[in-house]
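The values are calculated or read from the model by the stated rules, or taken from the named source; none is laboratory data. Note that the structure is predicted; figures quoted are calculated from it, not measured. Positions of Cβ are backbone-derived with ideal geometry, glycine not excepted, and every protein chain shown enters the neighbour counts. Surface areas here come from the heavy atoms of the whole protein model, side chains and all, with no ligands, DNA or RNA. Shrake-Rupley method; radii C 1.70, N 1.55, O 1.52, S 1.80 Å.
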Amino acid sequence: EHIADAIHLPLAKLADAEKQLKNKTQPLVIVCASGQRSRTAAKQLRKQGFEQVYVLTGGLHAWKEAKLPLFS
């Protein structure tokens, strides 16, 4: 499942983020299942120069609990 318009970029492939996410000033919301890996990913993206990186607190679990839409 994923959030609409989300880009799947595994933690192991964040070194390639600059190729997929060219605009470093565009806000990014990082999401994983619980929020743990998202924090690691956010730190890596900030080191790559992305300026507005945010972590969805609680991850997809919180998204589901809030009954927000997901796509398969």
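With segment 12-67 as the region, which helices (runs of 4 or more DSSP H) entirely inside it contain at least 1 residues that are farther than 15 Å from His2 by Cα?
Numbers: elements: 17-20, 36-47, 59-65.
Where helices (runs of 4 or more DSSP H) fall fully within segment 12-67 and carry at least 1 residues being farther than 15 Å from His2 by Cα, they are 17-20, 36-47.
Can you find, within segment 10-45, the residue that is modelled with the lowest pLDDT among those that are more than 14 Å from Gly58 (Cα to Cα) and in contact with a strand residue (DSSP E or B) (Cβ under 8 Å, 6 or more places away or on another chain)?
My answer is Leu21.
Does at least one position in segment 36-57 carry a residue that is in contact with a Phe, Trp or Tyr (Cβ under 6 Å, 6 or more places away or on another chain), touching a residue at least 12 places away in the same chain (Cβ under 8 Å) and open to solvent by less than 70 Å² (accessible area, probe 1.4 Å)? Break it down into steps so the answer makes sense when it comes.
Initial filter on segment 36-57 (in contact with a Phe, Trp or Tyr (Cβ under 6 Å, 6 or more places away or on another chain)): none.
Looking for residues that are in contact with a Phe, Trp or Tyr (Cβ under 6 Å, 6 or more places away or on another chain), touching a residue at least 12 places away in the same chain (Cβ under 8 Å) and open to solvent by less than 70 Å² (accessible area, probe 1.4 Å), one finds none in segment 36-57, hence no.
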